[in-house]
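Below is one structure, written out as structure tokens; comments come after it.
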Amino acid sequence: MFCSPNNIKLQILRLYNLGLLFLEFFVLKLLFLSEILDMSSGGEKKNVVVIGGGVAGSVVAKTLKSEVNVSLIDEKEYYEITWASLRCMVEPEFAKRSVISHSEYLPHAKIIPSAAVDITDTDVLTKQGSRIAYDYLVVATGHTQSGAEARTEKISQYQAEYEKIKAADSILIVGGGPTGVELAAEIVADFPAKKVTLVHRGSRLLEFIGESASKKALNWLTSKKVEVILEQSVVVNSQSDGVYRTSGGETIVADCYFLCTGTLFGSAWLKETILKDSLDSRGRVMVDSNLRIKGRNNIFAIGDITDVPELKQGYLAQEHAKVVAKNITSLIKGVEDDHKLAVYKPATKALAIVSLGRKDAVAQFPCLSIAGRVPGMIKSGDLFVGKTRKGLGLQPGV
């Protein structure tokens, strides 16, 4: 049958209009389904703000990043694997793996490189003047620290520390906790000819673990010719021409020193916020069994700043983060019964491994302590850096 040009044009126009109608119907259906899905999932993603990008804060931010809008507020632009920091002082290249830019493991999160200075019921105010709104808030500010804000600057600092150690013939370490013991061990392992003196005000090293483990650490250090002076202190600022005097009247000659004593909880700033009444007499944040700050339904605290009755250790802070991530997810899904939230059970028995150089360590387990190569194989080689990087979704060896 012959069709005139006008009839052909008319048929084409009808097909075109029919196609437009089908396309419009298809788009509307997609929009409808999208709205249904949004309603079933609680609508727009919730805003979770994490203050502090250390051991605990990094884990909770990483765990929640695909479920919520994460904003990480941290004075530094990087996360540092702190238990590897002393290795970096004798091997600066190690810091390239242990000092990690926040953006590397949180590529789609909002990173705010600033200190937090105030908290209201709805937002966090930063030192830069920004206000960051939250539906859920996690405070993970650990201990007070000062130092490099940029990753490159931090790595350069380790290079400078290495040069200082390398140039010195004699070194004074003040503090016999895990930091002082591990630093002394790192130095004598890599620079055995250097004279290292460790001064500690306590009656034994590593007082947070058992006496047997403490004695093993002391024996290891003295076997490497480290001079350990107990029950005395040193005022390092009173030295003259490299001569330091202890509280017991002894003199120590050293080309440089490292102060390895404890630091304050990073919670003093909370005294100017709505959480001012949530601090105990020691400056720790009081939390419930779900790690929510007492009296608050949507604000959590994790890590060393909490009043959880246990040793302040990195792996425990990471466990805090996992519990809080579960609880925020549950609350977003509409869980209202507190009994259905995850409960954190404090670690009641000491469990610690203190590295002694690159091959040895002393370990405190619940029922015994051991020292030497066996615990060293667990920690001292890579200091859990590869494992930690893998947990953040990064290549372990890069």
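What is the number of the single condition among (1) within 21 Å of SER98 (Cβ to Cβ); (2) part of a helix (DSSP H, G or I) that PRO396 does not meet?
All conditions pass for PRO396, except number (2).
Any residue that is over 28 Å from the mean Cα position of the chain (by Cα) and surrounded by fewer than 23 Cβ atoms within 10 Å (Cβ to Cβ) - is there at least one of those in the range 159-167?
yes
If the Cβ limit is 8 Å and pairs must be 6+ apart or interchain, which residue in the range 201-213 that is within 15 Å of GLY175 (Cα to Cα) pairs with which residue that is basic (Lys, Arg) and open to solvent by 30 Å² or more (accessible area, probe 1.4 Å)?
Hits for this filter: ARG204/LYS215.
Tell me, which residue of the range 265-312 that is in a helix (DSSP H, G or I) and small (Gly, Ala, Ser) is surrounded by the fewest Cβ atoms within 10 Å (Cβ to Cβ)? So that I can check it myself, show each step before the final result.
First, pick out the residues of the range 265-312 that are in a helix (DSSP H, G or I): 268-272, 276-278, 303-305.
Still in the list and also small (Gly, Ala, Ser): 268, 278, 303.
On the way: ALA268: 12, SER278: 22, GLY303: 31.
Per the criteria, the residue is ALA268.
Which residues, taken from the range 204-260, are acidic (Asp, Glu) and within 31 Å of the chain's Cα centre (by Cα)? So that I can check it myself, show each step before the final result.
Initially, the range 204-260 is screened for residues acidic (Asp, Glu), giving 207, 211, 227, 231, 241, 250, 255.
Correct list: GLU207, GLU211.
Which condition number does GLY397 fail, the rest of (1) open to solvent by less than 50 Å² (accessible area, probe 1.4 Å); (2) at pLDDT below 95; (3) of a type in the set (Gly, Ala, Ser) being met?
(1)
For the range 109-158, enumerate the residues that are among the β-branched types (Val, Ile, Thr), surrounded by 14 or more Cβ atoms within 10 Å (Cβ to Cβ) and under 18 Å from GLY303 (Cβ atoms).
So the first thing to find is which residues in the range 109-158 are among the β-branched types (Val, Ile, Thr), and the list is 111-112, 117, 119-120, 122, 124, 126, 132, 138-139, 141, 144, 152, 155.
This time we only want the ones that are surrounded by 14 or more Cβ atoms within 10 Å (Cβ to Cβ), so: 111-112, 117, 119, 124, 126, 132, 138-139, 141, 155.
Listed by number, the residues that qualify are ILE119, VAL124, VAL138, VAL139, THR141.
Given the criterion open to solvent by less than 20 Å² (accessible area, probe 1.4 Å), under 20 Å from LEU394 (Cα atoms), β-branched (Val, Ile, Thr) and at pLDDT 95 or above, identify the matching residue among ILE73, ILE81.
Numbers: ILE73 fails: under 20 Å from LEU394 (Cα atoms).
Just one listed residue meets the conditions, ILE81.
Kindly indicate whether ALA350 is small (Gly, Ala, Ser), within 21 Å of the chain's Cα centre (by Cα) and either open to solvent by 30 Å² or more (accessible area, probe 1.4 Å) or more than 18 Å from LEU64 (Cβ to Cβ) (or both). Break it down stepwise before answering.
On the way: small (Gly, Ala, Ser): yes; within 21 Å of the chain's Cα centre (by Cα): yes; either open to solvent by 30 Å² or more (accessible area, probe 1.4 Å) or more than 18 Å from LEU64 (Cβ to Cβ) (or both): yes.
Yes; evaluated as a whole, the condition is true for this residue.
State all residues of the range 47-69 that are under 15 Å from ILE302 (Cβ atoms) and either aliphatic (A, V, I, L, M) or out of contact with any helix residue (DSSP H, G or I) (no Cβ under 8 Å at 6 or more places or on another chain) (or both); if no residue qualifies, say none. Can you show your working first?
Taking the range 47-69 first, the residues under 15 Å from ILE302 (Cβ atoms) are 48-64.
Matches in the range 47-69: VAL48, VAL49, VAL50, ILE51, VAL55, ALA56, VAL59, VAL60, ALA61, LEU64.
Of all the residues that make up the range 292-344, how many are within 16 Å of LEU64 (Cα to Cα) and of a type in the set (Asp, Glu)?
The number of residues fulfilling the criteria is 1.
In the range 84-138, which residue that is of a type in the set (Gly, Ala, Ser) and over 20 Å from the mean Cα position of the chain (by Cα) is farthest from GLY57 (Cα to Cα)?
Of everything passing the filter in the range 84-138, GLY129 is farthest from GLY57 (Cα to Cα).
Identify the single condition in (1) among the β-branched types (Val, Ile, Thr); (2) open to solvent by less than 60 Å² (accessible area, probe 1.4 Å); (3) outside any strand (DSSP E or B) that THR179 does not satisfy, given that it satisfies every other one.
In the conditions (1) among the β-branched types (Val, Ile, Thr); (2) open to solvent by less than 60 Å² (accessible area, probe 1.4 Å); (3) outside any strand (DSSP E or B), THR179 misses (2) alone.
If you go through the range 209-252 one residue at a time, how many are part of a loop (DSSP other than H, G, I, E, B), open to solvent by less than 50 Å² (accessible area, probe 1.4 Å), under 30 Å from GLY372 (Cβ atoms) and modelled with pLDDT of 95 or more?
Just the residues of the range 209-252 that are part of a loop (DSSP other than H, G, I, E, B), to begin with: 209-210, 224-226, 231-233, 235, 239, 241-242, 247-250.
Subset that is open to solvent by less than 50 Å² (accessible area, probe 1.4 Å): 209-210, 226, 232-233, 242, 249.
Cutting the leftovers down to under 30 Å from GLY372 (Cβ atoms) gives us 209-210, 226, 232.
When the remaining residues are screened for being modelled with pLDDT of 95 or more, the result is 226, 232.
Qualifying residue count for the region: 2.
Of these, LYS379, LYS359, LYS322, LYS345, which one is over 30 Å from LEU205 (Cβ atoms) and surrounded by fewer than 22 Cβ atoms within 10 Å (Cβ to Cβ)?
Details: LYS379 fails: over 30 Å from LEU205 (Cβ atoms); LYS359 fails: over 30 Å from LEU205 (Cβ atoms); LYS345 fails: over 30 Å from LEU205 (Cβ atoms).
Checking each option against the conditions leaves just LYS322.
The values are calculated or read from the model by the stated rules, or taken from the named source; none is laboratory data. Keep in mind the model is a prediction, meaning the values are calculated, not measured. FYI the Cβ positions are ideal-geometry reconstructions off the backbone, even for glycines, and counts take in every protein chain you see. Note: areas computed on protein heavy atoms with side chains; ligands, DNA, RNA excluded. Shrake-Rupley method; radii C 1.70, N 1.55, O 1.52, S 1.80 Å.
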